[in-house]
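Working notes, beginning with the structure itself.
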Amino acid sequence: YTYISQSSFIDLYEELSNDRQIIIESMAYQMGIAGVAGFHQMWKDIKDGDFRGAANEMRDSLWYTQTPERAERHAQVMEWGDLKQVYGSYLS
């Protein structure tokens, strides 16, 4: 969180639900703050409250093609806002 707190997207991140924040944190761990900040349209969609659009932007990325299973789960959490629905079997 320390690095996220210094990011260009901190204001939008802080408005997200806890489940969606966890997804952003995981993305930042995998690709760095700059990598997550580079998802310009995703952040615009988040700002507009369009979480389906944000999820689709996640799917339309090099990150998604490199780690499709993880990225798809993350996109589903971003879209639906429910970590347990997507990662339930991992959380049990």
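With a 1.4 Å probe and all protein chains left in place, how much of the accessible area of the chain comes from carbon and sulfur atoms, in whole percent? Looking at the chain in its full context, I get 48 percent from C and S.
Quick check on segment 41-87: take the gyration tensor over C-alpha atoms, sort the square-rooted eigenvalues as a ≥ b ≥ c, and tell me if it's rounded (a/c under 1.5), prolate or oblate. Because a/c hits 1.5 or more and a/b fails to exceed b/c, segment 41-87 counts as oblate. The label point for ASP11 and the one for GLU72, both projected 7 Å from the Cα toward the Cβ, are 3.6 nm apart. As a length-normalised measure over Cα pairs under 8 Å and 6 or more apart, the relative contact order of the chain settles at 26 percent. Rounded if a/c is under 1.5, else prolate if a/b beats b/c, else oblate: with a ≥ b ≥ c from the C-alpha gyration tensor eigenvalues square-rooted, which is the chain? Taking the square roots of the gyration eigenvalues as a ≥ b ≥ c, the chain is rounded.
Per residue, the chain exposes an accessible area of 60 Å² to a 1.4 Å probe, with every protein chain left in place.
The values are calculated or read from the model by the stated rules, or taken from the named source; none is laboratory data. From a predicted model like this one, the values you see are computed outputs, not experimental measurements. Every residue, glycine as well, gets a Cβ built from its backbone with ideal geometry; the counts of neighbours run over all protein chains shown. Heavy atoms of the whole protein, side chains included, go into the accessibility calculation; ligands, DNA and RNA do not. Shrake-Rupley method; radii C 1.70, N 1.55, O 1.52, S 1.80 Å.
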